[in-house]
Amino acid sequence: MAVAASLLAGVACTSIAGTEDPESLGYGSARTISTRYDPAPMLPRKAPQPWTPPRPGASMFAGNDAPFSPEVIRLCQHIGAVQEASAATVDGDAEGAADAKPEPDAKADDALAQDRLETVSPHRCRARLRGARVFRSVPAWRELATCLEATDTPEAIAACEAQNPPPFAVDAEHPLEAETCLHVLSMTTVEELGANPELRAEDIADFSELFAECVDTLVQNAEEDPDASSARLRCILEATNSDAAGAC
């Protein structure tokens, strides 16, 4: 996240020169402000102080949830409705055929339920689509969004994603690591630039290299301690801002 923030510092216009001197802002000196201010005797209050600009690279959303664009939220509401309708149909068919099938394995059933929960999780959906929005050109995003809007089955959703592949090359053997890296990079980006940043092609190319390095690092961590790595990644995926992700 620190590397991503340093990269974003070159993308965002955050440099403000000469504003730390109160006289340059027309306030007069700090001594003048504090000594010439005469508060009302019945309503004590602090003397005003010169405004201090945020440090370069400081997030405008520090401590708050990273924003999602309204379009991403709306698309995930649609996707969630499609997946829930499909899940209800599958559950109904399974109940009708219960007498003809052996009792399912409890662990397998729990795993299926967990996968389904993650599939329809609004936060996970929004995080994935935010990554798709942030690191695509406007025409490429419009193509994906238009396709998703027209879907009415999970298979159609998968077809849209296949026809509009992710902005970065994803290793099919490590989907959790790839999703985590895209989540962190897109979350850091919108914290710095807002919910709808318009990155140039060269900026996206820089993030592509950073994404690959992130995935490689997480894969190495997983090989050293699989259980701890899996728990950490799932914690990060549920994080709503970079501070929470860093705490994981």
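Rule-based calculations on the coordinates, nothing more; no lab input. All of these numbers come straight from a predicted model, not from anything done at the bench. No Cβ is skipped: glycine too gets one built from the backbone with ideal geometry, and neighbour counts run over all protein chains shown.
Figures for the structure shown
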quantity	calculated
Contour minus Cα-Cα distance for A81 and A212 (0.36 nm per residue)	43.9 nm
Spin-label pair Q220/D152, simplified geometry with 7 Å Cα→Cβ offset, distance in nm	5.0
Segment 108-248: equivalent-ellipsoid semi-axes (sqrt of 5 x gyration tensor eigenvalues, Cα, Å)	23, 21, 14
Under the Karplus curve 6.51 cos²θ - 1.76 cosθ + 1.60, θ = phi - 60°, whole-Hz ³J(HN,Hα) for segment 232-240, x wherever Gly or Pro sits	5, 5, 5, 5, 5, 5, 8, 5, 9
